[in-house]
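The structure appears right after this line, and notes come after that.
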Amino acid sequence: MAKTARDGLRLDQQFCFLIYSTMHALNRAYKPLLDRLGLTYPQYLVLLVLWERDDQAVGEIGERLLLDSSTLTPLLKRLEAAGILVRARNPQDERQVRIRLTAHGAAMRDVAEGFPQELLNATGCKVAELTDLRTRLLDVRDNMLAAAPG
């Protein structure tokens with residue numbers, strides 16, 4: 001069957017839909033894991049950044065997660081209310097808010113240690129396959145960010 005110009009607008013041909021639907025599947029796979037911690041996926045991402053290096057400015061966390069402060073601040077407030085982290089003004093620069101894990105937030109890492117293996121198992125892929133896919137997706141993401149206006 002000959003392809004037509006209209007075939008490019010088929011849902012199953014859209015790269016964006018593949019990424020979107022894959023993210024939904026990933027969220028479904030993560031949900032029971034994150035329920036163990038009482039976290040949403042975006043909250044988990046914040047913790048991943050802080051488990052790498054505690055005591056960061058809100059702006060640093062936002063840069064890592066590609067989130068602006070108006071999106072990040074409500075997440076941080078909820079995590080603070082749950083006793084997972086503490087937000088405090090930087091005494092050297094009152095405009096800057098620094099984020100530190102509480103003992104409870106740091107201890108949550110022990111529960112999350114097995115998450116990568118559980119997710120790997122859910123993919124049905126080998127580590128090398130996912131490593132290659134990750135590298136290729138990083139290239140796509142970085143190219144798209146570079147091409148995007150503003």
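The values are calculated or read from the model by the stated rules, or taken from the named source; none is laboratory data. These figures come from a predicted structure and were not determined experimentally. So basically every Cβ, Gly included, is an ideal-geometry build from the backbone, and we count neighbours across all protein chains shown.
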Filter result for the condition that a residue is without any contact (Cβ under 8 Å) to a residue 24 or more places away in the chain, in contact with a helix residue (DSSP H, G or I) (Cβ under 9 Å, 6 or more places away or on another chain), assigned to a helix (DSSP H, G or I) and not assigned by TED's automatic domain parsing to the domain that holds residue 145, over 78, 64
64
If you take the residues of the stretch 41-72 that are among the polar types (S, T, N, Q) and at pLDDT 95 or above, which of them is farthest from the chain's Cα centre (by Cα)?
56
Where residues in the stretch 49-60 are touching a residue at least 12 places away in the same chain (Cβ under 8 Å) and part of a helix (DSSP H, G or I), which of them is surrounded by the fewest Cβ atoms within 10 Å (Cβ to Cβ)?
59
From the list 83, 59, 8, 38, pick out the single residue that is among the small types (Gly, Ala, Ser), under 24 Å from residue 120 (Cβ atoms) and not assigned by TED's automatic domain parsing to the domain that holds residue 123.
38
Being on the phi < 0 side of the Ramachandran plot and out of contact with any helix residue (DSSP H, G or I) (no Cβ under 6 Å at 6 or more places or on another chain) is the filter here; which residues of the stretch 47-59 pass it?
47, 48, 50, 52, 53, 54, 56, 57, 59
Does residue 37 meet the test of being among the hydrophobic types (A, V, I, L, M, F, W, C) and surrounded by 11 or more Cβ atoms within 10 Å (Cβ to Cβ)?
yes
With (1) over 30 Å from residue 20 (Cα atoms); (2) of a type outside the set (Asp, Glu); (3) exposed (fewer than 11 other Cβ atoms within 10 Å of the Cβ) as the list, and residue 121 as the residue in question, which single condition is left unmet?
(1)
Got at least one residue in the stretch 75-89 being under 24 Å from residue 20 (Cα atoms) and surrounded by 12 or more Cβ atoms within 10 Å (Cβ to Cβ)?
yes
Inspect all residues belonging to the stretch 61-68 and state whether any of them is surrounded by 10 or more Cβ atoms within 10 Å (Cβ to Cβ) and touching a strand residue (DSSP E or B) at 6+ places or on another chain (Cβ under 9 Å).
yes
